1. Test of understanding: ordering PHE83, PHE151 by Cβ neighbours within 10 Å, fewest first, what list do you get?
2. With a ≥ b ≥ c the root eigenvalues of the C-alpha gyration tensor of segment 8-67, is it rounded (a/c under 1.5), prolate (a/b larger than b/c) or oblate?
3. Of all beta bridges DSSP finds with both residues in the chain, what is the antiparallel percent, to the nearest 5?
4. Sequence neighbours fewer than 8 away in the same chain don't count; with that in mind, list the lysines whose C-alpha is under 19 Å from LYS42.
5. Give me, ordered by chain and number, the residues 5 or more places off GLU169 or on other chains with an amide H under 5 Å from its own placed amide H.
6. Reachable aspartates and glutamates from LYS155, Cα under 18 Å, same-chain residues fewer than 8 places away excluded?
7. What aspartates and glutamates could a cross-link reach from LYS20, if we take a straight Cα to Cα line under 18 Å and drop same-chain neighbours fewer than 8 places away?
8. Of the DSSP beta bridges with both residues in segment 1-117, give the percent that are antiparallel, rounding to the nearest 5.
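Derivation of every value follows stated rules applied to the coordinates shown; laboratory data play no part. A quick note: this is a predicted structure, and the numbers were derived from the prediction, not measured. Every residue, glycine as well, gets a Cβ built from its backbone with ideal geometry; the counts of neighbours run over all protein chains shown.
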Amino acid sequence: MKIIRTCREMQAYSHELKLKGENIGFVPTMGALHAGHLELVKRAKSENDVVVVSIFLNATQFHNQQDFEKYPRTLEKDSSLLFDMGVDVLFLPTHEELYPDDYKYRVQELDLSQELCGKYRPGHFEGVLTVVLKLLNLTQPTRAYFGEKDFQQLKLIEGMVSSFFLPLEVIGVPTIRESSGLALSSRNERLSSEQKQMAAKISEILKFSQTSTEAKEQLEKLGFQVEYVEDKMGRRLAAVYSNDVRLIDNVSL
Ligand code: PAF
């Protein structure tokens, strides 16, 4: 597995691959990898000649400094998982490498990004879209892979790729769940076993409630602090807090 740390080297390497006619599959991550990420890698491997994975904990998408600080950092374990999966390139840029402009230039979407998670995390999607655009420009993928668990993020990235005529395909991959129904997330590491048992009920409630209002009531009854439950884009989407851990999930309607 080749490890690349600079933007210049990443760009030169993907340019070389393109000249050779190789298809590049790209999986951007913030690390703390779990089976959900590995599913994206598996899919990328099965559909491309070369797989590039990035690990970059993107400060600009955290509107809460504490959340950023508490985000699990497990680089050694992540690298060995990716190595075992036969990933070709691991891209590990620093903040200084990716933000030479000090975040003076940003990508902003003015509609969907203001709703759902965007309403409660101001600036979050600006940070996501900006870093994803940078990473796509550096890795020049044929296909880029994102989990459906972050459904709003997936839709916004699809919109950006189409609006800026980026020459790649965005692939949404279904959410991977524990057998309990709990959607895999790097934040699950911060849940106690009791909290985990409770969190396993989220998807069930979203699926089986008649309306989003009923789902919200049920989640509150269980003890969650609910940010939102809304039916949109053919999905029922929710964000809740279990103590100080923010969890999101969505199910197809
Ligand atoms: O979904 C994530 O892990 C992040 O939002 C992403 C797409 C890697 C951008 O930092």
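1. Lowest count first: PHE83, PHE151.
2. Taking the square roots of the gyration eigenvalues as a ≥ b ≥ c, segment 8-67 is oblate.
3. The antiparallel proportion sits near 45 percent.
4. LYS2, LYS77, LYS149
5. ARG143, ALA144
6. Leaving aside aspartates and glutamates fewer than 8 places away in the same chain, those within reach of LYS155 are GLU109, ASP111, GLU115, GLU126, GLU169, GLU230, ASP231, ASP249.
7. GLU9, GLU47, ASP49, ASP88
8. Roughly 0 percent of the beta bridges in segment 1-117 run antiparallel, per DSSP.
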